[in-house]
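Derivation of every value follows stated rules applied to the coordinates shown; laboratory data play no part. A quick note: this is a predicted structure, and the numbers were derived from the prediction, not measured. Here Cβ is always computed from backbone atoms with ideal geometry, including for glycine, and neighbour counts include all displayed protein chains.
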Amino acid sequence: MAFETTSVPVAELLCSPRSFDLFSSGVGYDESLLYARMHPPVALWREDVKEPTVVWGWELLRSLKAAGIIAAPAAEVVTDAGGALELALRVESRAGQYGWGEILAIGACIRHYRLHERAAELTPLVLGRPGSLMQAIERFEGLPEPLRVLVRAGTLDLKTAGRGAALPTEVAAVFAERAADLTFSQRRMVLGLVYEFCVMGQRDADEVIAMLNRAFETGDPPAALRAMRYPRLHELEQRFRGFCRQHLYGTGVTLHAPPQFEGTAFWVQFQFESKFQLAKRIAALRAVEHNCDELFQLL
Amino acid sequence: MSCFSYYRRRFLHFYAEHEVAEHPAVRRAAQRLALRGAKLVTAREQIPKAHRNDRTLVAVPTRGSPVGRCPGSRGHICCNYLTADLYAGCTLGCSYCIMQSYRNFAPLVVNIDTYPIIAAVRAIARANPGRRVRVGTGQIGDSLQLDPLFGLSRELIEAFADEPSVELELKTKTDFVDHVLDVSNVGNAIIAFSLNPPELVAQEEPETAPVADRLAAAERVAAAGYRVAFHFDPIIRVGEWQAWYRALIERLRTMPPLRIAWVSLGMVRFTPALRDAVPPRRFMFDEFVPSRDGKLRYLQRERVEIYRFMRGTLEQALGRVPIYLCMESPAVWRHVFAGARSAPVGSLLAPLRLPQSGS
């Protein structure tokens, strides 16, 4: 495809309709490169006799204006609105890297020009993978506001936050308030557990908020919530830890239970460098042997 | 359930692939659905998208390997059941059904030709002299939900009647048995009923027959000369589960124990994918942990307690009937059956040799 490039006043271009002002990469342009004209042309879309619309280059135009440059190269393309959006996305070329503000702007453009039928085809250019862009946008829009803020800030992924759509708003708000104290993976764990309490367990909002607050007081909210969600498993883990503390602490012998206490066998691990150390380990194992009924009760 | 009015209400479309258009079972089903015939397609993919749902039946030729092993589950003991998929899919709507997470074709598929199944099972029986060959049609669909329409089970029952080592099991959550009551020689055929307490059926098995109807059907088939089997699977720990299961098992006292071929017990289990795919269920809020096969199950210690309760209650009600566990770990088997009165089923569990097709 060949485009003819013309020079157009920046002020005139900035008066164009803003329906394609979609991108805000935040990177900015180097002024020296702007003065040297080392930048791509602004992309203009003309559908019919109407004035052309800037479909790509809004960030560039703002930088040019700030740098006092009065004209910009512009290339005009005649196509339909879907073609114009595709062109804009291809020139921007940041598939999979758009922030939620940009994704929502792209969604608004699709709605404005009624491009829903082309949305699936445009999705890889936006999300960097196949799927449904509009469904993702609808999921985002269906989130309680506190979770939208987290997703928009990139501190929570949309899939995990999607579970939050079913949370009472007050629970989502408490979670969002405290989310800054958690790592990304902790947020996912905590939200997953909160979802289970609220939706699967049908616990009321006040009770779940109280649990969340108690969990955050412990310093390890995911572990505390997990203990509340899985009290029987937690009790087995506590008993096992207690056994190890009582009989093996400081002996150099490590005892392992089967994962989730599912299985028939425990196993021990130790190393020794002298006869004395070996005797010490064996004595520890004797203590385990004498008390092993306690262990087998865990399985 | 009165089956023909049920079918006419439940199923709106009936397709058949050209290859089986003239098959007697297809003609029979069309007639019973009060249709002139099935709509013909070259392949199931030709069914219009709007009809690719569970209100559509599709009759197809039996393709591929007609008999396979139950896939079992890694790290768990498999009962070496053989499966023949006459009917794929069902509409009984059980909330825990694993098929919700992996079936990618919504219409109910009927593999219409029973001959390849009969030939394959006979070959397996010949390759395993002196061994019981247990084969069932209820692995990926209900054995009897569609059977009054197509009448395929009768063909299998009659074909295996003269195969003393073959135990054909037809497993159902319906009471659709009347169409097989007049088979003159049932051989070793077993009609099996999946059971759960009525309280659970109401919540989790919405379109299945009421338990009382299933039990009445069990009495009818036993009176007609069949052996019966009962599958308590999935056992779900919810509400007053002990009282519910005890009351259900008490209702089996009317069954003559010698007519009970076996009872299986299986604990509720599901993949994380299924949990995410279905609307939230209250029973899923219990404590489930991943097992060796990746499925979520109750803690091992608690499964053992539940199985022991079920085993003890069954033994009190029915005496010495063969009981086995479905997809359970060796550790659980050991804990549950240590010192048990239940009849041993060990010989059932040795794998059968499956001859290569054509041998």
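Could you tell me the relative contact order of the stretch A:152-299? Use alpha-carbon pairs under 8 Å, at least six residues apart, and round to a whole percent.
Values: 106 pairs, mean separation 23.8, N = 148.
Across the stretch A:152-299, relative contact order equals 16 percent.
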Farthest towards the positive end of the dipole of the stretch A:238-296, among A:Phe296, A:Gln260, A:Ala279 and with Cβ unit charges of +1 on Lys and Arg and -1 on Asp and Glu, lies the Cα of A:Ala279
How far is it, in nm, from the label point at A:Arg239 to the one at B:Ala247 when both lie 7 Å from their Cα along the line to the Cβ? 3.2 nm
Mean separation of Cα contacts under 8 Å (at least 6 apart) over the residue count of chain A, i.e. the relative contact order in percent, is 10 percent
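Looking only at other chains, what is the average number of their beta-carbon atoms within 10 angstrom of each beta-carbon in B:321-331? Each step should come with its number before you reach the end.
Values: counts 0, 0, 0, 0, 0, 0, 0, 0, 3, 2, 7.
If you average over the peptide's residues, the count of other-chain Cβ atoms is 1.
Normalised by the residues of the stretch B:62-349, what does the relative contact order come to in percent, with Cα pairs under 8 Å and at least six apart?
Working: 507 pairs, mean separation 52.7, N = 288.
For the stretch B:62-349, the relative contact order is 18 percent.
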With just the Cα atoms of the stretch A:13-108, tell me how far they stretch along each of the three principal axes, in Å, largest first. 34, 33, 19
For the stretch B:123-133, 3J(HN,Hα) per residue [Karplus equation, 6.51 cos²θ - 1.76 cosθ + 1.60, θ = phi - 60°, Hz, x = Gly/Pro]: 5, 5, 4, 5, 7, 10, x, x, 10, 7, 10
Cα-based Rg (one decimal) and Dmax (whole number) for the stretch B:62-349, in Å? 18.0, 49
Given N residues in the stretch B:61-121, what is Rg(Cα) / (2.2 N^0.38 Å)? 1.27
For the stretch B:1-60, give the magnitude of the charge dipole about the Cα centre (Cβ charges: +1 Lys/Arg, -1 Asp/Glu; no others), in debye to the nearest 20. 360 debye
P(r) for the stretch A:142-229: what percent of alpha-carbon pairs falls in each 5 Å bin, starting at zero? 3, 16, 31, 28, 17, 5, 0
Could you please tell me the mean projected area of the C-alpha convex hull for the stretch B:196-328, averaged over all directions and given in square nanometres to one decimal? 8.3 nm²
For an R0 of 45 angstrom, estimate the FRET efficiency from the Cβ-Cβ distance between A:Ala279 and B:Ala273 and round to the nearest 0.05. 0.30
Peptides ranked, highest mean first, by Cβ atoms within 10 Å: ranges B:63-73, B:287-297: B:287-297, B:63-73
Could you give the nm distance between label points at B:Arg32 and B:Ala106, where each point is 7 Å from its Cα heading toward the beta carbon? 2.5 nm
What does the charge add up to near A:Gln246, with Lys and Arg as +1, Asp and Glu as -1, over the other residues with Cβ less than 11 Å from its Cβ? +2
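Based on the mean of other Cβ atoms within 10 Å per residue, sort peptides A:268-281, B:304-317 so the most packed one is first.
Numbers: A:268-281: 12.0, B:304-317: 17.9.
So the order, starting with the most tightly packed, is B:304-317, A:268-281.
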Using a simple charge model, +1 on the beta-carbon of Lys and Arg, -1 on the beta-carbon of Asp and Glu, nothing else, what dipole does the stretch A:177-296 show about its Cα centre, in debye to the nearest 20? 480 debye
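Mind running the shape call on chain A? Use the C-alpha gyration tensor, a ≥ b ≥ c as the square roots of the eigenvalues: rounded below 1.5 for a/c, prolate if a/b tops b/c, oblate otherwise. Write down the numbers at each step before the final one.
Details: a/c = 3.61, a/b = 2.57, b/c = 1.40.
Verdict is prolate for chain A.
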How large are Rg and Dmax for the stretch A:207-276 when only the alpha carbon atoms are used, in Å? 16.5, 57
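What shape does the stretch B:1-60 have by the C-alpha gyration tensor, where a ≥ b ≥ c are the square roots of the eigenvalues, rounded means a/c under 1.5, and otherwise prolate means a/b greater than b/c and oblate the rest?
Taking the square roots of the gyration eigenvalues as a ≥ b ≥ c, the stretch B:1-60 is oblate.
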Whole-angstrom Cα spans of the stretch A:104-197 along principal axes, big to small: 39, 23, 22
FRET E, pair A:Val27, B:Gln46, Förster distance 35 Å, beta-carbon r, rounded to 0.05: 0.10
Rounded, prolate or oblate (a/c below 1.5 giving rounded, otherwise prolate when a/b exceeds b/c) for the protein assembly as shown by Cα gyration tensor: oblate
Antiparallel DSSP beta bridges within the stretch A:5-138, as percent of all bridges there, nearest 5: 60 percent
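For A:Ala67 and A:Gln269, calculate 0.36 nm times their separation in residues minus their Cα-Cα distance, and state this gained length in nm to one decimal.
Details: separation 202, 0.36 × 202 = 72.72 nm, distance 6.84 nm.
Length gained between A:Ala67 and A:Gln269: 65.9 nm.
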Set Lys and Arg Cβ to +1 and Asp and Glu Cβ to -1, take the dipole of the stretch A:4-110 about its Cα centre, and tell me which of A:Leu22, A:Gly68, A:Cys109 lies farthest positive. A:Gly68
